[in-house]
1. Can you find a residue in the stretch 201-222 that is part of a strand (DSSP E or B), assigned by TED's automatic domain parsing to the domain that holds PRO164 and touching a Cys at 6+ places or on another chain (Cβ under 7 Å)?
2. Within the group ASP98, ASP67, ASP16, which residue is touching a strand residue (DSSP E or B) at 6+ places or on another chain (Cβ under 9 Å), acidic (Asp, Glu) and surrounded by 14 or more Cβ atoms within 10 Å (Cβ to Cβ)?
3. Pick from the stretch 1-26 the residues that are in contact (Cβ under 8 Å) with a residue 24 or more places away in the chain and charged (D, E, K, R): which of them is nearest to GLY102 (Cα to Cα)?
4. Please specify each residue of the stretch 134-182 satisfying the condition of being among the aliphatic types (A, V, I, L, M), part of a loop (DSSP other than H, G, I, E, B) and either buried (at least 16 other Cβ atoms within 10 Å of the Cβ) or touching a His at 6+ places or on another chain (Cβ under 9 Å) (or both).
5. For the stretch 166-215, what are the residues that are among the small types (Gly, Ala, Ser) and within 13 Å of LYS232 (Cα to Cα)?
6. Collect the residues in the stretch 211-223 that are at pLDDT 95 or above, over 19 Å from MET167 (Cα atoms) and not aliphatic (A, V, I, L, M), keeping them in residue-number order.
7. Check ASP90, ASP84, ASP51, ASP95 and return the single one that is among the acidic types (Asp, Glu), part of a helix (DSSP H, G or I), outside the structural domain of LYS150 (by TED's automatic domain parsing) and more than 27 Å from GLU141 (Cα to Cα).
8. Starting from the stretch 27-41, take each residue that is farther than 18 Å from SER3 by Cβ and list its partners that are assigned to a helix (DSSP H, G or I), counting only C-beta distances under 9 angstrom and pairs at least six apart or across chains.
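The values are calculated or read from the model by the stated rules, or taken from the named source; none is laboratory data. In this text, all values refer to a predicted model and were calculated from it rather than measured experimentally. Reconstructed Cβ throughout: ideal geometry from the backbone, glycine too, with neighbour counts over all protein chains shown.
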Amino acid sequence: VISTARTCNCILIVLDAIKPITHKRLIEKELEGFGIRLNKEPPNLTFRKKDKGGINFTSTVANTHLDLETVKAICGEYRIHNADVTLRFDATADDLIDVIEGSRVYIPCIYVVNKIDQITLEELEILDKLPHYCPVSAHLEWNLDGLLEKIWEYLNLTRIYTKPKGMNPDYEDPVILSSKTRTVEDFCNRIHKDMLKQFKYALVWGSSAKHKPQRVGKEHELEDEDVVQIIKKV
C-alpha cells in the first residue's frame, strides 16, 4: 500500500468524525516514515556534492534553524565532506536531510472526514476551517460533489477540448493535461505522438487566448477549458 501511495498524484485520508483526531497523526507519521511528504513543496534549497573545497554554506534569506556548523554536522552523518549548500528559504534540518537523501515525494492530500451527520453543527464549523479537510457523509451522500471538486483542485489538472475543423467543440471527452505540462505541444503528444510532424499552427479559444480564436505555436501555454483546433501542414 505504501509503495502505491508514493506513486499517487493525490492521497485521500478518510477519517471518522466521531473518533479521535489522533488517528490522523498516526497515518501521517506512517507515511512520513516512508518518505511521503503531505501538502508540502520540495525544499527550495540546492545541495551539490563536489570533489574538494569542504562544505560551502550560503543563504539568500535570514536563517533561524541552520548555520554552517549544523550543516557540516548533518553532512558528516552522511559522510559528505565536500558540498555546496544554498538556501533560498528558512530551511530546517529535516528539509536539508530530505534533499540529501533525495528519496522524498511530495504529494497533495485531502482529509475526508466522514459521518458528519453524527456531529453537531458547531463541530462541523470547526472542521470546515481546518486546512485540507473535506467533510462528507457517505451514508446520506452529503457534500460528495464538494469532494469531487476538491480532488480536481488538488490534482491540479487542465481540461482541453478538441475542435475538429468545421465542427463544434467536443465537450464530452476533454484531453487531460498536468498543469505543469500544458503547452500545445503537450496537447498534441497526448493525442498522438506523430501529430507534431504534421503540425502547422493551432487555433485557441479560451482564457489563454488574447483574442478568439488566437493563432498560436506549439509553445503556447493552455488554460483550463480552452478549446484547441490543430491546423496541419498541407
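1. no
2. Going through ASP98, ASP67, ASP16 in turn, just one is touching a strand residue (DSSP E or B) at 6+ places or on another chain (Cβ under 9 Å), acidic (Asp, Glu) and surrounded by 14 or more Cβ atoms within 10 Å (Cβ to Cβ): ASP98.
3. ARG6
4. Across the stretch 134-182, the qualifying residue is only VAL136.
5. Within the stretch 166-215, just ALA202 meets the criteria.
6. GLY217, LYS218, GLU219, HIS220, GLU221, GLU223
7. Answer to the selection: ASP95.
8. Here the result reads ASN39/TYR154, each pair linking the stretch 27-41 to a residue that is assigned to a helix (DSSP H, G or I).
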